[in-house]
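Remarks on the structure that follows.
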C-alpha cells in the first residue's frame, strides 16, 4: 500500500523533462489547431463558391446546430476528462475503464436518441425538400461526431496529446478534401457525406488507440448521474466563455447593423485564431492538474502549475498579440473595405491579453470541484459586459467603444478571478497578489513600449514597413521576455 508521498513522487517526473514535455505537447496541440482551422477555412471558402449564397447560408444554419449538438453528453465528457486524471493521481487505475465506458455509453445513446428524433422530423417534412434529406444525413453525422468528440476528450484525459494532434489534423484535412469533392459531384448533401467520412475516420483512430481502455459499453446509472452532476456545470462554464466572447457581436448587429459587425469581425476573427495558443496550453495542463490533485488532495499543491502556466501564457501572449497588433494593417491589402475595423480590433487585442490568462485559475477550480464558483464569476462577467457595452452604445461610441468596454470586462473578470483563486485556495497574501499582478503586467507593458518604438519605422510600402516593425518587435521583446520568464521558472 503506497503512502501519499510515494504516490506524489510517482506522478511528478523530473522538472526539466516535464518542462520539455509540456512545451512539446503545447506546440503539437496549438499547431494541430492552427492547421485544422486553416483546413476548415479553406473548406468553407470552397463551399461558398460551389454552393452559392442560398445553400451556403443553409449550411451555416446546420453548422450552428451541429456545434451546439456537441453538448448532447450533458457534461459527462467534461467530467471524465477531470475524473480520469484524478483517478490516475490517486493510483485508482482500475476505475479509469469504468469512467471511459460510461462516457462512451452516454455519447452513443444521446446521439442515437437525437438522431432518431431528427429522422422523425425529416419523415414528417416534405420528403423531397433539401432540408428533409439533410436532416436524415445529420442524424447519422451526430452519431459519428459524438464518437469522435468522446475520443478527443478521452485522449486529453489520457494525456495523449501526440495522437490527439494527429487526429485533429487528419480529420480536418480529410473533411476538407471529402466535403469539397463530394459537393462538386453530389451537390449540397456532399457536405454531410464528407463529415461522415472524416468523423468516422477520426473516431476509428481513437478506437484503435484506446481499445484497451474502452472495451465496451457500461450503463451504470449511478456513475452516469454522478458524472452529469460534476460535468454539467463545467459544460455551462464552457458555454459561458463562448457567450462572454460573443455578446459584443450580438449587441453590435442588433443596434449598429451588419456593416458595423463586418468591420468589428476583423478583430473577432483574429482573436479566434490567436486564442488557440492559450487554449492549447490550458488543455495540455488540465490533466496534470488532475493527477497532482489526485495524488495530494491539496489545492495548494497546484500553486506551481497555476503560477508557471499563467506567467508562461502572459509572456507568450505578449509576443503573439504584439505581432498581431503590428500586422493588422495588412488586412487592407486583401480586404481594403474593412480598414475601418482596425482601430476596434487593436483595442480588443489590448483587453484580450487579460482574459487569455484565465485558464490556469479556471483549471484549478474545475479540478477541485468548484465549477459552480467559476460559473458565478462567468455570470457576473457576462452581466458586466452587457451593461458596459450598453453604455458604449447609448453614448454613441461605436464599435471602438464596444471594443473598449469588452476589454475592460475581460480585464476585471480575469484579474478578479485570478485574485480570488490565489487568495482563497493558494493562501496568497495581498502583497503576494500584488506582486503576481505586477509580474503579469510586465510583459504587457514591455510589449506596449516595444510596439510603440517599432511602429515608428516607416520605410517603403505597407508590406515592407510592417515586416520591419514586426522583426524589430520580435528581436527586442523576445529576448527580454525570455530572460524575465526564465527568472520566474523553478529550477
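Please treat every number below as a calculation from the coordinates, not as lab data. Because the structure is a prediction, the values reported are computed rather than measured. With ideal geometry, Cβ positions are generated from the backbone for all residues, glycine too; neighbour counts draw on all protein chains shown.
Short-range pairs are left out: with C-alpha atoms under 8 Å and at least six residues apart, the relative contact order of the chain is 18 percent. With Rg and the Kirkwood Rh both taken from Cα atoms, where does Rg over Rh land for the stretch 240-345? The Rg/Rh ratio comes out at 1.13. In the calculated pair-distance distribution of the stretch 333-459, the portion above 25 angstrom amounts to 39 percent of the Cα-Cα pairs.
Computed with the Debye formula from one identical point scatterer per Cα of the stretch 172-307, without solvent, the log10 of I(q)/I(0) at q = 0.16, 0.18, 0.21 Å⁻¹ comes to -1.29, -1.27, -1.22. For the stretch 156-215, taking the reciprocal of the average inverse distance between every pair of different Cα atoms yields a Kirkwood hydrodynamic radius of 12.3 Å.
So what does log10 I(q)/I(0) come out to for the chain at q = 0.07, 0.12 Å⁻¹, using the Debye formula with one equal point on every Cα and no solvent? Cα-only, vacuum Debye calculation for the chain: -0.40, -1.24. Considering helices alone, the calculated mean residue ellipticity of the chain at 222 nm is -28500 deg cm²/dmol, with DSSP H runs of length four and up weighted by -39500 (n - 2.57) and normalised per residue.
Peptides 150-159, 255-264, 370-379, ordered by how many other C-beta atoms sit within 10 Å of their residues on average, highest first, read 150-159, 370-379, 255-264.
Rounded if a/c is under 1.5, else prolate if a/b is larger than b/c, else oblate: which is the stretch 1-231, with a ≥ b ≥ c the root eigenvalues of its Cα gyration tensor? Since a/c reaches 1.5 but b/c is at least a/b, the shape of the stretch 1-231 is classed as oblate.
One chain, two ends: residue 37 and residue 301. Fully extended at 0.36 nm per residue, the span grows by 91.5 nm beyond their Cα-Cα distance. At full extension, residue 387 and residue 63 could sit 113.6 nm farther apart than now, given 0.36 nm per residue minus the alpha carbon distance. Among 367, 442, the order by Cβ neighbours within 10 angstrom, fewest to most, reads 442, 367. Every Cα-Cα pair in the stretch 445-491 was counted, and those over 16 Å apart are 44% of them. Rg and Dmax, both from the Cα atoms of the stretch 245-491 and both in Å, are 19.0, 60.
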